[in-house]
Each structure stands twice: as C-alpha cells, then as structure tokens.
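First up is the structure itself, then whatever we jot down about it.
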There are 2 protein chains.
Amino acid sequence: MLLLHKLRPSFTLLSSSSPLSFLSSSSSPRVYSTRSMATVDESSLRKALSDKQSALEAQGNAVRELKSSSAATKPEIDAAIEALNALKLDKSSIERQLQALMSNGEGTVNKEAFRQAVVNTLERRLFYIPSFKIYRGVAGLYDYGPPGCSVKSNVLAFWRQHFVLEENMLEVDCPCVTPEVVLKASGHVEKFTDLMVKDEKTGTCYRADHLLKDFCNEKLQKDLTISSEKAADIKHLLATLDDLSAEELGAKIKEFGIVAPDTKNPLSDPYPFNLMFQTSIGPSGSSTGYMRPETAQGIFVNFRDLYYYNGSKLPFAAAQIGQAFRNEISPRQGLLRVREFTLAEIEHFVDPEDKSHPKYSEVADLEFLMFPRQEQVSGESAKRVRLGDTVSKGIVNNETLAYFIGRVYLFLTRLGIDKERLRFRQHLANEMAHYAADCWDAEIESSYGWIECVGIADRSAYDLRAHSEKSGVQLVAQEKFSEPKEVEKLVIAPVKKELGVAFKGSQKNVVEALEAMKEKEALDMKATLESKGEVEFEVCTLGKTVTIKKNMVNIKKEKKKEHQRVFTPSVIEPSFGIGRIIYCLFEHAFYTRPSKAGDEQLNVFRFPPLVAPIKCTVFPLVQNQKYEEVAKFISKSLTAAGISHRIDITGTSIGKRYARTDELGVPFAITVDSTTSVTLRERDSKDQVRVDVEKAASVVKDVTEGQTTWADVWSTFPHQSSTATDD
Amino acid sequence: MLLLHKLRPSFTLLSSSSPLSFLSSSSSPRVYSTRSMATVDESSLRKALSDKQSALEAQGNAVRELKSSSAATKPEIDAAIEALNALKLDKSSIERQLQALMSNGEGTVNKEAFRQAVVNTLERRLFYIPSFKIYRGVAGLYDYGPPGCSVKSNVLAFWRQHFVLEENMLEVDCPCVTPEVVLKASGHVEKFTDLMVKDEKTGTCYRADHLLKDFCNEKLQKDLTISSEKAADIKHLLATLDDLSAEELGAKIKEFGIVAPDTKNPLSDPYPFNLMFQTSIGPSGSSTGYMRPETAQGIFVNFRDLYYYNGSKLPFAAAQIGQAFRNEISPRQGLLRVREFTLAEIEHFVDPEDKSHPKYSEVADLEFLMFPRQEQVSGESAKRVRLGDTVSKGIVNNETLAYFIGRVYLFLTRLGIDKERLRFRQHLANEMAHYAADCWDAEIESSYGWIECVGIADRSAYDLRAHSEKSGVQLVAQEKFSEPKEVEKLVIAPVKKELGVAFKGSQKNVVEALEAMKEKEALDMKATLESKGEVEFEVCTLGKTVTIKKNMVNIKKEKKKEHQRVFTPSVIEPSFGIGRIIYCLFEHAFYTRPSKAGDEQLNVFRFPPLVAPIKCTVFPLVQNQKYEEVAKFISKSLTAAGISHRIDITGTSIGKRYARTDELGVPFAITVDSTTSVTLRERDSKDQVRVDVEKAASVVKDVTEGQTTWADVWSTFPHQSSTATDD
C-alpha cells in the first residue's frame, strides 16, 4: 500500500523507528548535524593529525639514522630527539582536541554529571521508581512515586484547563486494548516496526540500528587515525541510518564485522519486529488485539459521532489523555524511552479549504525560537521569530497549525520549561509522510540533547480516509450551501452493451477501469476517441491493454446544481509525550546551591506553584504542643482551600527541613514560631515575611493559584530577617 | 499453596469468578436470597398450584365420567364443567402469581424499561459509546464520550480531593504491563480464573456457571410444575454455584443435559481460563507479562520505599488510580462488567496491634444502611444504624475500617448516589479469604439489583508477606521502643552433632523441621522428651516420621532485651470500581418530566454541580449580534473562572435548548435576553432569577463550587417568572 509507504508522522513521537529518534539524542537535526559536524575545524584537525603523524615518523627515522651514524654529534642527536618529543606533544594535543570534539565537546562531562545529580535526587525522593524494583525491575517501565505522581497530575490538570476547557474540546476516553482491524487500517500492524538482529547462539535481541550506531560512534571517537574522508563517510552513514532497508543494514553489519556485544557471537540478518504489545481478546484465542501505540485512533473511529455531537459543524477538536504502549527492543535513555507512557493528543478537524483560526490573532505576536526546514538545510541555527511572520511568509502552512504552535509554547513555558531551551523544529521533507501538509516538533533541550516532546502535524485527510475505506463507514463532513451551486462535473458513461460484445467476461473490469479514470485521463481519452476513433487503454485488474472504440464510452462535462459539498476533513494533531515533558521539566527546574555552612551543595527544584508536587510545608519551629496546634489549624485551613501540603513535626533543625522541602520543589514553607503569627518563606529567594496565623492559608492559596505574586506578598507583609531559623 | 486457597477478596470487585458476582446481579446476597426466596409465599403458591393441578385432574376425570355415564343429567354435567373451568381459572391465576414472583416480582418490567430509557439517553448523548463501533465493536469495551469523560474526570478529581489530599495519602502511578513474577506472588497467575466450557464442534466458549445459572433460572421461571422441594434444590444450587469445583459443575451440566445455547452441540468439560490479558515483554518472547488485573500490586511492591518516604512511620496510606484489565469470557450487563476499567485503590498500612484512627470520631456519628453478616444469615434486611455503634458492638472489626466505610459513604453520597439505595454489606465468612479480618462492600442498587461498587477489606499482612517471600526483600516496619523491653522467647537449638550421627544425609531436613516448629508444638515436644526421653516427629520434607531423642535438641524459654519490634503491617484496602460507580450515578440521577405542551417526556440527569459534565450553558434568546456579544463576554468570564460551559447559538427555541441541556445534566443555564442583565435558570426546579451581565459568571462559579446554594441565589436576586422563554 503506497499510502503507507511513509508512516504517520505521529509514529515518530517517542518512537524509535523514526528518523528523529537518532536526532533526539544528538544535539541538532540530521542534515544540520551532518554539515556542522563536517566543519573546517574537525577536518583540519584530522589533516593536522595525519600531517603530524607523517612528520613524527620522518623525525623518528631521522633520529634513528643520526644515532646509527658515526658522523653525528651528541648535540645534533639531542636536538633531533627534542624535535621528536615536541612533535609527540603536538600530536597528543591535536588528539585531545579531536577526542573532545568527537565526544560532543567539553560540555559532555558536565552534562552527564548534571544529569546524574538530577536523576539521583529524583530517585532518592521517589519522583520516580524503577517499576517492580524488588523483583529487579523491567527495562523501560517506571512508576511515578508520590511527588512525581503529583507533578504528573498537575501537568495533566493544566493541560485539560489550557486545551480542553479553554478551547471547548470534546474529550474522550477509549480503551487501551484495541482489536487488530483498527491498527491494520491505521498501518501499525504492517509498519510499526524496528529492525532487530539476534545473537545466533544465545538468541539475545538487539536493535540493528543501535549496534551500527554504537559501532560508528566508537569508531569516530576512539579511532583517531581515520582520514577525514572516512570520518565523513561514517557520519553520513549515521545521519542516514534510519533510511536503510533491512538488507542495507545487514550488509553494513557484515561489512564492519559487527558481532553481539556481550558474547562476540555472530548476528542474524536484521528483520522487522513489531513494537506493539500483542494479546488476545476473549477466550477463544482467535481474536488478536494490541495495546494501543497511541491514543489518536480512538478519536478517528469516533469521528462520525463526535461530528454529530458538535452539531455537524466544523472545525472542532477532540482530545484524549491516556496510556500508550511500545514494546521497545532494548529501552535506553531512562525516562525518555519507555515501554508504557502517557500521551495527551488533540485531533482538530477542519475544512481543508479553510484552515484559518478565529483565535489566531491571540498568538500571532508571540516570539520564540523556531527552526524552519530552510534554516536546517542551510546549516543555520534556530532563531527567535514572531509566529505571525512565519505564517505570512508561508513557512508555517496555515493559521490553525500556527495557533497550536503558539498554544503549545504557552503551555510548556507556563509549566516551567525554559524558553531559551525550547524550539519548534519543522520536519524536513523526507521526515514527513507524503500526505502531510506540514509538521513541527516542540523540542526541549536536555542533557540528552534536543528531545521531541510535542509533535504538531497537519495530517490532511489521511486517517479518516483510511478508516472510511477499511470500515465502509463514511467519515465525512457536509457543507450545506445557502443556495445551490452550479458545478461542472465530468461524466464517464461506459456503454455496457458494446463493451459486453467486445470483452464478454472481462466487461466488468473494463467498466470499472473506465469509471475510475481521473479527469485529465478521461479528457485525453475523449480527445483521442474523437480524433482517431479508438484508443489503447490499460486495465490493471486484467493486467493487459485493451482497445476502446468511440461507441464504447461517452465522456462529457455536465453542469449540475449541488446543494452541499461532502468532504473528508483535514486533521491537525498536536500530540504530547507527557513523560518526556515532565522529565525535561525536572532538568530545567533543577539547581544546586551551597548550604549556609558552605559544606555541602543542596538540591532545589524551582517548580512553579502550578506544577509543584506540594504547595506548602508547615513546620512547628520547636516541638511543643501550642505550636503543633497552630500547625494543625493552618493545615486544616490549607486543606479546606484545596492546597496540598505536608506537616513536618520531626525534631530536625529548620535548616534541614527547608533543605528537604526545597529538594521536593515545594515553593512555600510556613514556620510556626509564635501562636499569633508565622514565618512564610519562598523557596528560591529564601525571602521570609511574617503573616498572621488566620491569614496564612489564604495568602498561600492566592500566591499558589496565581491571584497574587510573591512580589505582592513581599511588599504587603513585614519582612522577617534570616535568623537562626533559616538555613 | 494453602494461603491461596481463597482468592484475595479484592478479586471479587468487578470480577466474575467470585462468590459475589452472582450476587451482584441478583437483588440480595446469597444466603439471604436463598432463604427469602424460599418464603411461605412461594412455597404455598407451589403447593396451591400442585393441589389445584390434582383437583383439576380429578375434576376432569369426573366430567369425563359424567359425560360417559347415561345416568348424568345435563345440569349435572354443566355444573361439573363449570367447576372444571373455575379450577382452570384458579390455576392460571396461581401460575401468574408464581411467574411474577419467579421473575423477581412486578418491578422487573418497569426496571427494564427504566434502564432502557437511561441507556438510550446515555448512548444518544455520547456519555458512552461502544468502542470501535464502526468496526462493529468489541464486547466489554466502551469509550466515554465527551459528557461521560467529563463526569469521569470530575469523579476522579473529587476522589483525589476527598481521599488523597484530605488524608495526605501517597499517590503512585505504576504501569499496566506487569511481569509474571509479581502476579505469581499475588496468586493471580494460579487462581484468577473462571471455569469455561467449549462447544465441542464450533469451539465457541461459554462461562460454565453462566450456562448452569441460565438453565436454573429458566427452569424456575418457566417450568411451574416443579415441586417446591425441587425448586428449593435448584435455588440452593444457584446460591452455591460459585463454590462448585470444575468436576461438580461438569457433573451438573451433564445431569441437566445442558448443550451449547446457539448450536445445541455437546459441551466440553469445564476447565479454568485465566482472566488476565497475556502479552510478552521485550522482543525475545521469553518474558511473559500481563495487563494488571488490579492496581494494588504496584503499591505493595513499593512498600519499602513508601514507608521510608513517610519517615518510616505507620500508619500511612498509598493510593493509585489507573486502568485494570480482565479478559472476561463473555461480558454481560453493559457498563457493569467490562474488559478494561478504571480502578481507584487505597492501601492503608497500619500496625496490626493498633488499628485505631485519629479521625474516627469525625465519622462515628454518621447513620446509614448497613447489612452485617448476622442480619444476612438470619434473613433480615439492611438497617439504618450509627457507624460508631457497629464498632463498639464489635460488628465492624476496627476503627480504621469503620473510618473508611464512613468516608466512602460521604464520597458516594456527595457524588449524588441516593443514600436510600446505598448499603454497606459485610462479607459472609465463606466469602472472605482466611487471612482477612473483615470485609464490607458498598453496594448500590440499580436496575440490575445491588451492585458492589467499592470493596473495603482488612486484608491483614497477606499481600506484603507474599511479596516478601517471593522477592526475598523484607517488607516490614519497625517500632523502636523508647526503652528496651524484656521479652520471653522460645529457643529451639538442635544438637547437630547428635542429629548428624543419627540421621546422616537427612540431618539438614530434620534440623530445619525442628527449627520450624510453632511454639505449642515445641513445648509439647519438650514435655514429652522430659517425660519419655524420646518422641516421634514428622519431617514433611522427608515424607516420614523420625525418632527424636532427648540429647538431640534443646528447647527452652529465654528472656531477651529487645530494642525494637519488627512486624509486617496490616493493610486496609478500599478499592473503587469507578465505572460501576458512574453507571449507578447515571441511574440515580436520571428522571423524566413532561414537556410544557405535555406531548412528550423529557429526560433529565440531576447531577450535582460537582459531577455535572458541563456546569452552565449560555444561550442568546434570539440570534442577534448584541446578544451574541454578551454571550461571548459571559463565556470568557466563565472560562477565566474555570467553569466548563457551552454556548448554544443555534436558532432553535429556548424550550428545546433547555431540554437539550437538561438531558446532559447541566445544572445552570444563562439566557441572554437583554444587554444589561440575563436570566439564570436552575435545572431541577426550573426556577429563574435575573442577574447583571457582569455578575453572571461569578454567581455561577460560587453556586457550582458550593460557596453558595441555589436557595441563596433564589433569595438574593429578583425572580423571573416563567415566560415564553421557558419550556
């Protein structure tokens, strides 16, 4: 099926089989990286290294000759040796430079140390937990522990508020268990695969492209003797890895002599492995089902009902939040590539002839980093631009797509994603499905590089058409004309009597082929028949060409009155990988600062109150009944106000308790140090004010919910200087 | 494994294999129904029918004799025939009474009509949709459409507020894909099964107990000639259906000659079918996984980390909301028995020696319908009682269990469940696992009968012990003593030297068996050894009895100082079937009322604002630009206030628009009928007040969020009489 030659672009989100998966762990997109990596710097370094190596060999020979020559003086030999040593130093220096460049620059070590610090904190404070840990876990499965679970439900609640409620979207909730027919129609059963190789002796499975990629990266980083031409070849291979067929991948693996990493055994040829978890629905074993790889299909199959629910009006959007599943061959990259994850997807259905958006003007003036196709191809970098300009210049295909790009930008930055480390990257022509009008990914920079976290694609009518065809149920919209329109229509009328005489049993195939002609083909036939009286005509279903005579078919243009237009809507799909967004948020929110004593680094997550797992902690300064009663009173008021919080009545020092709460990203802390008023502290500034006990909960509520800011609080209430209670 | 002889009671929730599954579709619990159905009424009716049948036969014979006798006069014969006809009429009347009784009384027809009206409305307004409808669907899978999805997310948000936030629970979020080892430890791999039979020719699968149950019910309802003894036998069988082994079920199916319902082919013997959806994790095919049948296991395996997160303090509760899966053999009962559903589960970990609850007093005075074991067994019905009394009388096992029963009552009634159709039913002794301390189900009455929607079980230490054993990781808590305690401990010290001489290679087995003795057994042995010098001792692992002599083992009691107590916590588990609660809520909220013209019945859902899918609709009275602008202004204000709403600018009459919005359960409607003030209407009373345009959104917000009531609004704002704008 040609239609499925390219997968639906949303497959690329979180998927491993897509061109992007390579990119998401590199620092820049494919074409750009190919070019930028082959920069003058690296090339000249390799040249210099090779020159230095030749000079070194020549000088070595010279030293040997001098030593064996009786004519050479001691000073002459010493000078030659000195020159040799200088050359060795030079070579080492070039090697170090090249090595640093090949391991993605000097930032790598810092990035990994930073990531380790974040991940350690996240695991220690139970933001997440490797699932089934007491049974040694399962690769690619993670639990959200209590603070992670709160962050996740805050992110999802805000997503609902920002998209579903604000845009009056129709939210649905469909099962994860999906019958095969649905995923055949969508193309997943046939195409949702990665190429796999097996250790021929142990049966251990590997992703073929991962092995090749690891081999190439190691070659580039460790083998500094390869020429810049060879290095360029390897880098080209890396960049085009995902375009390779099973045969091409297999040939490369053979060519490089790649073996199983653990056993050094030979490997099988690569073959496709479907990434869906398969199961069986009902007891008979005859009804295959899969755990859905995305939530979108549940919306497409309901299009007809949803359109009717919306009063048979376009545009409208449906949305779904839910689990999706991908049985990765060998998951890597921690929380970024997992086997089960939460997706939040929007399918915005729109008339293909009118992709304007009524609220477009609300986002048109936003400015942020965008990275159009052209800039990627010409080796430039992402630039800060006004969203509206990209539409007027035709870079972003239409207003609705731009509207969602703008809304996604607002969503992510309000969560706390750093706008300097967020860019919208347009898909290159070869990344997009042939039917897609335009696709942009919201990419967030993390210690793993730029990570695609949201895909925003104009998928045209592809999905609805695929399900219409497979199910026989027309998933279409109607536009009723206010008054009938006169349209010119091509009419192809085969003359069955004449065709029957000429083609007998094959008549039906010929009739169908004639009726299926496109307008241009039919008009050409009409012209030929009029000029020559007959025409050769290929009937695919017969596998041969037949001769059509003038009396066998009537082709003409007719004027007709039409009362409505029936069409398949286009769909614009913003698709959010919630787990990836949350992981990037963790990295962007994390920082360390020295303790007051200066003897250790303390961890802080600077979550905005919107996503903070707990909004406030309440501490009695010392363990005494009066303070505990005040703390309990404030706790009750906070619960009544719907503000999540914790009381900490452990006897540890206030400094330690602050450190503990900062590490969870709790924005506010109330220290009960009198029975009439309390100290309220803000996490990042460590500023403190005094607030009456009765007011404490409502002050925290207002600043947490964004009715006021900390600056307002700071200017309203008396300041409390940092005392012994502070860290 | 004896421990798994009974399934964990939470299996019963939504499960089909449990004793309760039969009950949930009947109108009363097992023992009660057995007794109440065998009431004097039915029994005397059967007796009367049987008597009448005999009388009828006798009279028939009498008539025939008279007719054939030449001595009989016409009046005599006529009188005899008249008596015969009278008997026939009497018999028919008794038959009708018996039939009505057997089909659960006269309410059945009404209940089914009511259910049909609810379900039609729910499907038509897309509260739910059979999943993958355009592909003819899959039994037991349903989508929530837009209003259903809103109701669901409102219910879940309130659950989080009412339980997680209010009680400071630790919420976690674990994957659905679960490795086999976890579900082996929990007992699901071995025991989570239903008995199935196959059509021997076509292979079609049926639930064995369903076939037998259908047969018995039909026998009772249609065959009125059976004696009351026979009827009692059949009813006893129905009541004990779930206790039958595969062999017993098979024997009954053979005895009754039950065949495949569709084909009349013979059936296979019953065999167990595991209800978990099976899959394979990773590409090798060697790692079996299942879609979790409940969310609880994800919490148990994380106990150690969660306990540490809670500062190593008990009690604490963990909670999880998520999808669970059960591959039902043949789903029935619409939304009540499905293959994928949302569970919300709480695992409250507590010291088994102290099950008091600090907030118990907050619920102790609640009064509602409770149905203790004793009342069920003695054939009484549920009674309204004070919760605290059931604890003080020892009916409810402990304060914590009672606290959760009270909290569940508050949760369900605040959602809109009718408190007269909600009862808490205690499990009978034979429904509970042997390790369970006490179990109560929140049952809601629906057109299907009393439905178990929440299970609240004190499961003792069972689950944590099972995972400790399987994983080798100790899932325990410590209580540190403020000062060391002196405790008396039994010490069993086998004398290995002597044992080695006596038992050689078997020494190890004997040592282990001696050390494994329980206290009483060991003290008995000690006494026997002291009196007789030797004792016979069974060593299971050797499969034989050995002779233990006095010099082979030392048994004594020693006093030791202990600094802490290490123990496995008990767990109290409230487990909520969210889909079942929602379906019952739909039934309790639904009513009809005549339209103003009286020509049709209009459907209304009386959802409280808390769960209503949309809180408010905004209509311009007539289509004009000024009114539309006002409507848009109000819409914007509502969005800013976070109140979900819809604008309806279709030209249809206000009456029709009200009907449409009532049918979605929208509590408030704003009709824009001027540019300065608008009409605000409440759904159930149809009362209307006039509110300023600027105030409209905030009035709706306050009454929706419960800051004010409709009574407050009604007494504050000018009333608007019902005019042409009303329905």
Could you give the size of the charge dipole of region B:620-699 about its Cα centre, using +1 on the Cβ of each K and R and -1 on the Cβ of each D and E, expressed in debye and rounded to the nearest 20? 120 debye
Using the Cα centre of region B:335-400 as origin and beta-carbon charges of +1 (Lys, Arg) and -1 (Asp, Glu), tell me which of B:ALA364, B:ILE346, B:LEU335 is placed farthest towards the positive end of the dipole. B:LEU335
Using θ = phi - 60° and Karplus 6.51 cos²θ - 1.76 cosθ + 1.60, couplings along region A:65-71 (whole Hz; Gly, Pro as x): 4, 4, 4, 7, 7, 6, 6
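Dipole of region B:454-530, Cα-centred, from +1 at each Lys and Arg C-beta and -1 at each Asp and Glu C-beta, to the nearest 20 debye?
It comes to approximately 360 debye.
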Please name which of A:PHE404, A:GLY394, A:TYR435 has its Cα lying farthest along the dipole of region A:326-452 towards the positive end, using unit charges on Cβ (Lys, Arg +1; Asp, Glu -1) and the Cα centre as origin. A:PHE404
Return the sequence-ordered ³J(HN,Hα) values of region B:594-611 in whole Hz as given by the Karplus equation 6.51 cos²θ - 1.76 cosθ + 1.60 applied to θ = phi - 60°, using x for Gly and Pro. x, 5, 4, 6, x, 8, 8, 8, 9, 8, 9, 9, 8, 4, x, x, 3, 10
What are the extents of the Cα atoms of region A:214-276 along their three principal axes, in Å, largest first? 39, 28, 20
Order by protection proxy (mean Cβ within 10 Å, highest first), peptides B:531-542, A:577-588: A:577-588, B:531-542
Checking the cross-link filter: which lysines have an alpha carbon closer than 30 Å to that of B:LYS383, excluding same-chain neighbours under 8 positions apart? B:LYS6, B:LYS111, B:LYS213, B:LYS235, B:LYS355, B:LYS359, B:LYS393, B:LYS419
Give me the percent of Cα-Cα pairs in region A:242-352 that sit more than 17 Å apart, rounded to a whole number. 72 percent
If amide hydrogens are placed 1.01 Å from N in the peptide plane, which non-local residues have theirs closer than 5 Å to the one on B:ALA317? B:LEU170, B:PHE349
Could you check the spin-label model distance between B:SER43 and B:SER506? Points 7 Å from the Cα along Cα→Cβ, value in nm. 5.8 nm
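For peptide A:177-185, compute the average count of partner chain beta-carbon atoms within 10 Å of each residue's beta-carbon.
Mean inter-chain Cβ contacts per residue within 10 Å come to 4.
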Separation between the A:LYS550 and A:GLU694 pseudo-spin-labels, each 7 Å from Cα along Cα→Cβ, expressed in nm? 10.3 nm
Apply the Karplus parameterisation 6.51 cos²θ - 1.76 cosθ + 1.60, with θ equal to phi minus 60°, to every residue of region B:521-536 and state each ³J(HN,Hα) to the nearest whole Hz, in sequence, with x for glycine and proline. 4, 5, 5, 4, 4, 4, 5, 4, 4, 5, 7, 10, x, 7, 8, 7
Using +1 on the beta carbon of Lys and Arg, -1 on that of Asp and Glu, and nothing else charged, what's the dipole of the protein assembly as shown about the Cα centre, debye to 20? 1160 debye
Number of partner chain Cβ atoms within 10 Å, mean per residue of A:138-144: 6
Axis-nearest residue in chain B [Cβ, rotation onto A], distance in whole Å: B:THR279, 2
If the chain between B:ASP365 and B:ALA62 were fully stretched, how many nm would it gain, using 0.36 nm times the residue separation less the Cα-Cα distance? 102.2 nm
If each part is reduced to its alpha-carbon centroid, region B:290-346 and region A:295-345 end up apart, in Å, by 23 Å
Rounded to the nearest 0.05, what FRET efficiency do A:HIS434 and A:SER245 give with R0 = 25 Å and r taken as the Cβ-Cβ distance? Could you check? 0.85
Average beta-carbon neighbours from other chains, 10 Å sphere, peptide B:163-170: 4
Find every distance from the label point of B:ARG690 to the corresponding label point in the other copies (7 Å from Cα along Cα→Cβ) and write them in nm, one decimal, shortest first. 5.2
What is the distance, in nm, between label points placed 7 Å from the Cα along the Cα-to-Cβ direction at A:ILE226 and at A:TYR308? 6.1 nm
Structure-based [θ]222 nm, chain B - -39500 (n - 2.57) summed over DSSP H runs of at least 4, per residue, nearest 500: -12500 deg cm²/dmol
Can you give me the long-range amide H partners of A:ASP143? Hydrogens built in the peptide plane at 1.01 Å from N, cutoff under 5 Å, separation of 5 or more residues or another chain. A:ILE129, A:SER131
Shortest first and in nm to one decimal, what separations exist between A:LYS549 and its copies in the other chains, measuring from label points 7 Å along the Cα-to-beta-carbon line? 12.0
Go ahead and run the numbers for FRET between A:LYS636 and B:GLN99, Cβ-Cβ distance against an R0 of 45 Å, rounding to 0.05. 0.15
With r as the distance between the Cβ atoms of B:ASP262 and A:GLU190 and R0 = 30 Å, compute the FRET efficiency 1/(1 + (r/R0)^6) and round to 0.05. 0.30
Could you tell me which of A:MET196, A:THR225, A:GLY137 has its Cα farthest along the dipole of region A:120-234 towards the positive end, charges placed at Cβ (Lys, Arg +1; Asp, Glu -1), taken about the Cα centre? A:GLY137
Mean-position separation - Cα centroids, region B:479-530 and region A:208-273, in angstrom: 63 Å
Proportion of all alpha-carbon pairs of the protein assembly as shown beyond 61 Å (%): 28 percent
What are the distances, in nm and sorted shortest first, from the label point of B:GLU76 to the label points of the same position in each other copy, with each label point placed 7 Å from Cα along the Cα-to-Cβ direction? 16.4
Taking amide hydrogens as modeled 1.01 Å from N in the peptide plane, which residues meet the under 5 Å criterion relative to B:MET276, leaving out close sequence neighbours? B:ASN327
In Å², and per residue, what accessible area does region A:541-600 have when probed at 1.4 Å with the other protein chains present? 45 Å²
Binned Cα-Cα distance frequencies in region A:168-306 - 10 Å width, integer %: 10, 29, 24, 19, 12, 5, 0
Solvent-accessible area, 1.4 Å probe, carbon plus sulfur percent, for the protein assembly as shown: 51 percent
Determine, at each q value in 0.06, 0.09 (inverse angstroms), the log₁₀ of I(q)/I(0) that the Debye formula gives when each Cα of chain B is one equal point scatterer. -0.51, -0.99
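The values are calculated or read from the model by the stated rules, or taken from the named source; none is laboratory data. Quick caveat: nothing in here was measured; it's all calculated off a predicted structure. Heads up, the Cβs are rebuilt from the backbone with ideal geometry, glycines too, and the neighbour counts pull from every protein chain shown. Areas reflect the complete protein model, heavy atoms only, side chains present, ligands, DNA and RNA absent. Shrake-Rupley method; radii C 1.70, N 1.55, O 1.52, S 1.80 Å.
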